[in-house]
Amino acid sequence: MQGIEIKNLTYTYSQKTPYEKKALDNVSLKINEGDFVGIIGHTGSGKSTLIQHINGLIKPQSGSISVMDINLNQKKPKPDLKRLRTEVGMVFQYPEHQLFDDTVEKDIGFGPKNLKLSTEEIKQRVQDSMELVGLDYNDFKDRSPFDLSGGQKRRVAIAGVIAMRPKILILDEPTAGLDPEGKEHILTLISKLKNDVSPTVIVISHDIDEITRFATRLIVFNNTKIAFDIPMAELFKHEDELVSMGLAVPMAVRLANSLKKKGIALKGNIITPQDLNASVEAYYNNKFNNSESNVLIDTATSAEVRS
């Protein structure tokens, strides 16, 4: 199996101490090769502990986990963690804090160098990775990563991960702390990496509108368990339950629900703003022209913001 299979995974921090805290409780999950998965949940719900298991940073206490045919419960011989961390790339929250070398080229090339690749292969991987994240090799290779903007630092950190060419890419809150322009760059980059580098992508995010832009599957964590792992069109019918968990549904869904209460029932699975636009235009095709349809959306959006 080229994906991830987790069965009955349970993990408790500081076992048998006064600080004991359960982080995962009997979690079972299968992620197939090619999946684009979004994981959401409130702070402390278990999502970060889960992804650290996938990368071998935390050893399973109870239950089983297999990643890319690597059995992480195996005792003898021990799991090949070097291969695992080559196959599974992890971009932590605020990855720019992981930068350490004195030039961008050296920082990105650190991982490939540890794989004992040739000098030519390392350079090629650095160049390819920088190109993928939108950093010109000649302009940035000799610059200190610490002199770059926040968004540029994050792209350098991501380039360092994808230079390993992982088959599975995990990103933890990839847009945290960035300005709108920086967020847009990273969101566009994630989709590009899915197509060009890592067939399987897992993203943790608290922003439901961001994550639904690209994820084809959402997994909701609540109090150490998986609360929902169902098609998104079905998931957002559980708005009251999600709100009770401290989560929200996408703005497009809220707007569609508001219009429905006013007697305007839109057709189709509405999740993104593009879905909403298409449904409104279809609904009013015989009554308004396209510009008037957009006015309706703007009016509804303003009402939503005011409420």
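None of the figures in this text is laboratory data; all of them are computed from the coordinates on show. Bear in mind the structure is a predicted one, so any value in this text is a computation, not a measurement. Heads up, the Cβs are rebuilt from the backbone with ideal geometry, glycines too, and the neighbour counts pull from every protein chain shown.
Some values worked out for this structure:
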{"read-out": "For the stretch 218-277, convex hull volume per residue from C-alpha positions, Å³", "value": "76 Å³"}
{"read-out": "Axial C-alpha extent at least 20 Å, average Kyte-Doolittle at least -1.0 - helices from the chain (DSSP)", "value": "119-133, 180-196, 290-306"}
{"read-out": "Cα-based shape type of the stretch 80-211, given that a ≥ b ≥ c are square roots of the gyration tensor eigenvalues and the cut on a/c is 1.5", "value": "oblate"}
{"read-out": "Protection proxy ranking, peptides 263-276, 101-114, 15-28, average beta carbon neighbours within 10 Å, highest first", "value": "101-114, 263-276, 15-28"}
{"read-out": "Subset of K82/K153; K7/K237; K30/K261; K78/K192; K116/K194 violating a 30 Å alpha-carbon distance limit", "value": "K30/K261; K78/K192"}
{"read-out": "Helix-derived mean residue ellipticity, 222 nm - over the chain, DSSP H n ≥ 4, -39500 (n - 2.57), to 500", "value": "-12000 deg cm²/dmol"}
{"read-out": "The chain: relative contact order as a whole-number percent, Cα under 8 Å and 6+ apart", "value": "20 percent"}
{"read-out": "Packing-based exposure ordering (other Cβ within 10 Å, fewest first) of H238, H53, H97", "value": "H97, H238, H53"}
{"read-out": "Pair-distance profile P(r), taking every C-alpha pair of the chain, with 10 angstrom steps and integer %", "value": "6, 24, 29, 23, 14, 4, 1, 0"}
{"read-out": "Rough spin-label spacing in nm, given labels placed 7 Å along Cα→Cβ, for Q15 and S64", "value": "1.9 nm"}
